[in-house]
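Visitor: Structure below; questions to follow.
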Amino acid sequence: MNKKIWIAALLVTVMAVAAGCGSKPTAAPNQTQGAGTENNVTEVEGETITEPVTAEPEENTTPTESTEGSSEGTTTTTPPSETSTQTPATSESNEKKTITVFYTDEEELELHKASAEISYASDDAKYKAAFESLQQSKDAKLVPLWSKEIELKSVQFKDGALTLDIHMPDTARLGAGGESYALDALKQTFFQFDEVKSLDLLVDGQQTESLMGHVDLEHPMTRSE
């Protein structure tokens, strides 16, 4: 009896062992591994063993520029503006005026008047331009009484008094009639300016008794009413 029970128990044990060896489960791959992992599958003695292998990330071959480093190591120079900050020079505008100028004829018989246009930027320049008009004529029949050899050294005007300082070479001197006409032409030319009340003519800074040695020279000459 005991022998039968022992044999039955042995058979059950053998059957259980046989059933276990014929149905061993295969390990499923790990479904929770990330996209960056790979599985190595190894079969050992009829069993499949899956070993997770982590793939190394690819190295980024593109160098990354450091914003902070580039800002410190690079100096940006802004080119200067093309716009010039210099202020343009403004020249004083010239005024133009038509005046009456007096000459004589070729025989020095009388005075003749003519019109001349002068350009000036100040009162002193106006008087200088008027004197230069006495030294030149566009009409061959009108002869200047004031030679171009005469130098106007300075012009001064103050409180209605105009002073002209000239240098006169001997070659610019005239006879008695010419000297008289020259002084009349000078007075009539400058007294047409309303602001001029008197006119004093100096020779090399000195008051002389006569301009050319024939006619007395007043100091100053005044406007005749």
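The values are calculated or read from the model by the stated rules, or taken from the named source; none is laboratory data. This one's a predicted model, so the numbers in the text were calculated from it and none came from an experiment. Cβ atoms come from the backbone with ideal geometry, glycine included; neighbour counts cover every protein chain shown. To get the accessible areas, we keep the full protein, side chains included, count just its heavy atoms, and leave off ligands, DNA and RNA. Shrake-Rupley method; radii C 1.70, N 1.55, O 1.52, S 1.80 Å.
Visitor: When a/c is below 1.5 the answer is rounded, else prolate if a/b is larger than b/c, else oblate, so apply that to the range 116-225 with a ≥ b ≥ c taken from the square roots of the Cα gyration tensor eigenvalues.
Guide: rounded
Visitor: Any idea what the dipole of the range 119-215 comes to, in debye rounded to 20, about its Cα centre with Lys/Arg Cβ at +1 and Asp/Glu Cβ at -1?
Guide: That gives the range 119-215 a dipole magnitude of about 280 debye.
Visitor: With a ≥ b ≥ c taken as the square roots of the eigenvalues of the C-alpha gyration tensor of the range 172-211, please select rounded if a/c is under 1.5 and otherwise prolate if a/b is larger than b/c or oblate if it is not?
Guide: Note, shape of the range 172-211 comes out oblate.
Visitor: Moving on. What is the spread of the Cα atoms of the range 95-142 along each of their three principal axes, largest first, in whole Å?
Guide: 36, 14, 13
Visitor: Can you tell me which lysines have their Cα less than 30 Å from the Cα of Lys148? Leave out same-chain residues fewer than eight positions away.
Guide: Output for Lys148: Lys96, Lys97, Lys113, Lys126, Lys128, Lys138, Lys158, Lys187, Lys197.
Visitor: Around His167, what is the net charge, scoring Lys/Arg as +1 and Asp/Glu as -1 over all other residues with Cβ under 11 Å from its Cβ?
Guide: With Lys, Arg at +1 and Asp, Glu at -1, the net is -3.
Visitor: Please calculate the 1.4 Å probe accessible area of His167, with all protein chains present, and give it to the nearest 10 Å².
Guide: 70 Å²
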